[in-house]
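Student: Have a look at the structure that comes next, please.
Each reported figure results from applying straightforward, stated rules to the coordinates on display, with no laboratory input. From a predicted model like this one, the values you see are computed outputs, not experimental measurements. Note that we place each Cβ from the backbone using ideal geometry, even for glycine, and neighbour counts take in every protein chain shown.
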Amino acid sequence: MKLLRYGPLGQERPGMIDAEGRIRDLSDHVTDFGGSTVAISALERLHRLDPANLPLVSGQQRIGACLADAPNFYAIGRNYAAHAAETGSDLPTEPLVFNKATSCIAGPFDAVPLPKGSDRIDWEIELGVVIGAPTFNVSRREALSHVAGYCIVNDVSARDWQKDRGGQWVKGKSAPGFGPIGPWLVTADEVPDPQALALNLSLNGEMRQAARTSDMVFDVAHLISYMSGFLALRPGDIIATGTPEGVGLGAKPPRFLAKGDILRLEISGLGRQEYSVK
Ligand code: ZN
């Protein structure tokens, strides 16, 4: 299933994409998407519905973030070798885990606001994993069966706040609008191999990032199993699994976002995001 939230900001309704690519309303079957409503057990009930019997949504609709909120929004640093190299960093020997504030979650077509006080705002296309079951101390072999689905994440980053202001990366990764997710939460049954996806990001029509998830240093199963050795993941948690080469920080000279820039992000099977910077 391709699940989504549509409608004006703050008034989104849950829906799914039917075989013809149209939106079908799910309001009679689920209140919203986020947290326990995307547990695998809850999604199984939606799987049994026939999209043809759901109300067809007509007209041009804004597409919102595919999850209203998340219990936790984690991300992984330096998980593609070429990206670690372009930032002048060593490859981590273990997954580098950090947090994004959940208040950064934004829609996949909403303009990204430049926050006051930083002039080094950067882009990072990433495969987002959404957890679908309580996950603590799971093996690598069990890990993918705990995934509800996948979505595109842009791990928007303020490099000066991330690198020059001390402490954890969370400050540089969390401003409002720094976490566009969606357009869809694509359930795991439609993504048999999360390591076989193509990602690409263009800035003003120029390709900046183009890679495959097979290039990850630590694959999705490893990341989930590894994290679950330290903490309990919960349904609706998002893990952004790292960005490949081609961020603005790595360009020579560095290229950071400016008002009016247009970003377009695509991952095979997961749709696309497109927005301006304001
Ligand atoms: Zn990232």
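Student: Return the FRET efficiency for the residue pair ARG272, ASN137: r is the Cβ-Cβ distance, R0 is 51 Å, and the value is rounded to the nearest 0.05.
Tutor: Approximately 0.90, to the nearest 0.05.
Student: Moving on. Which net charge results when you count Lys and Arg as +1 and Asp and Glu as -1 among the other residues whose beta-carbon is under 9 Å from that of SER225?
Tutor: Here the charged neighbours net out to +1.
Student: Starting from 0.36 nm per residue, how many nanometres of slack lie between LEU91 and SER36 once their C-alpha separation is accounted for?
Tutor: 16.3 nm
Student: How many nm separate the modelled label positions at GLN61 and SER145, each set 7 Å beyond the Cα in the direction of the Cβ?
Tutor: Taking the simple label geometry, GLN61 and SER145 are separated by 3.4 nm.
Student: Please check which bits of segment 162-198 a label hung off HIS222 would reach, taking the label as a point 7 Å along Cα-to-C-beta and the cut-off as backbone N under 19 Å.
Tutor: What the label zone holds, given the 19 Å backbone N cut-off, is 193-198.
Student: Moving on to the next point. Please compute the modelled spin-label separation between ALA258 and ASP28, points set 7 Å along Cα→Cβ, answer in nm with one decimal.
Tutor: Spacing of the two 7 Å Cα→Cβ label points: 5.2 nm.
Student: Quick one: what are the phi-derived ³J(HN,Hα) couplings along segment 242-255, Karplus 6.51/-1.76/1.60 with θ = phi - 60°, whole Hz, x for glycine and proline?
Tutor: For segment 242-255, the Karplus-derived couplings read x, 10, x, 4, x, 6, x, 4, x, 6, 10, x, x, 10 Hz, x marking Gly and Pro.
Student: Which pairs, out of LYS2/LYS173; LYS100/LYS163; LYS116/LYS252, put more than 19 Å between their alpha-carbon atoms?
Tutor: Long pairs (Cα-Cα over 19 Å): LYS2/LYS173; LYS116/LYS252.
Student: How large is ³J(HN,Hα) for each residue in segment 219-225, as worked out from phi by the Karplus curve 6.51 cos²θ - 1.76 cosθ + 1.60 (θ = phi - 60°), to whole Hz, x for Gly and Pro?
Tutor: 6, 4, 4, 5, 4, 5, 4
Student: What is the local net charge at ALA196, summed over the other residues whose Cβ is closer than 13 Å to its Cβ (Lys, Arg +1; Asp, Glu -1)?
Tutor: Once all neighbours under 13 Å are counted, the net charge is -3.
Student: What percent do you get for the relative contact order of segment 124-278 when only Cα pairs under 8 Å and 6+ apart count?
Tutor: Once normalised by length, the contact order is 33 percent.
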